[in-house]
Amino acid sequence: RVVSYTRQILLGLEYIHNSEGIAHCDIKGSNVLVGENGEAKIADFGCAKWDEPEVTEPVKGTPAFMAPEVARGERQGKENDIWAVGCTVIEMVTGSSPWIGADSTDPVSVLYRVGYLG
């Protein structure tokens with residue numbers, strides 16, 4: 001199932017990235033809906049933005065799923081969604097956060113750990 005869900009998530013991202021020019025900015029397990037037929041759909045576009053390389057906006061999304069450069073305050077775009085898919089796959093396989101000891105109630109610590117400690 002993990003392979004099937006991952007493939008479907010990546011196909012969904014390929015569509016929004018290439019056809020629509022949108023970066024989701026908050027890919028994570030709870031933002032992927034799976035129907036009774038096993039079809040995975042990307043949900044919650046509340047953090048999504050147009051992927052414009054020359055535009056820098058405030059960082060959005062869930063700290064534990066952010067790429068290190070985003071956690072450091074650098075540009076957030078489509079490529080960072082791919083990092084988040086990797087974190088989501090780890091979450092699907094292990095059932096827990098990709099960052100051992102990451103406490104989701106303390107997003108500042110999570111951001112620091114992801115951005116600076118790796």
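Some observations on this one:
- Yes/no for residue 56 being in a loop (DSSP other than H, G, I, E, B), over 23 Å from residue 109 (Cβ atoms) and touching a residue at least 12 places away in the same chain (Cβ under 8 Å): yes
- Residue pairs whose Cβ atoms lie under 6 Å apart, sitting 6 or more positions apart in sequence or on different chains, and linking a residue in region 67-83 that is of a type in the set (A, V, I, L, M) to a partner that is modelled with pLDDT of 90 or more and in a helix (DSSP H, G or I), are 67/80; 67/83; 70/80.
- Members of region 44-53 found to be assigned to a strand (DSSP E or B) and surrounded by 14 or more Cβ atoms within 10 Å (Cβ to Cβ), listed by number: 49
- Selection from region 1-27 of residues that are crowded, with 19+ Cβ neighbours inside 10 Å and either in contact with a His (Cβ under 6 Å, 6 or more places away or on another chain) or among the charged types (D, E, K, R) (or both): 26
- Residue 41 vs. criteria of a type in the set (Lys, Arg), closer than 23 Å to residue 12 by Cα and buried (at least 17 other Cβ atoms within 10 Å of the Cβ): no
- One residue from 26, 44, 51 being modelled with pLDDT under 95 and under 19 Å from residue 65 (Cα atoms): 51
The values are calculated or read from the model by the stated rules, or taken from the named source; none is laboratory data. A quick note: this is a predicted structure, and the numbers were derived from the prediction, not measured. All Cβ positions, glycine included, derive from the backbone under ideal geometry; neighbour counts span all protein chains shown.
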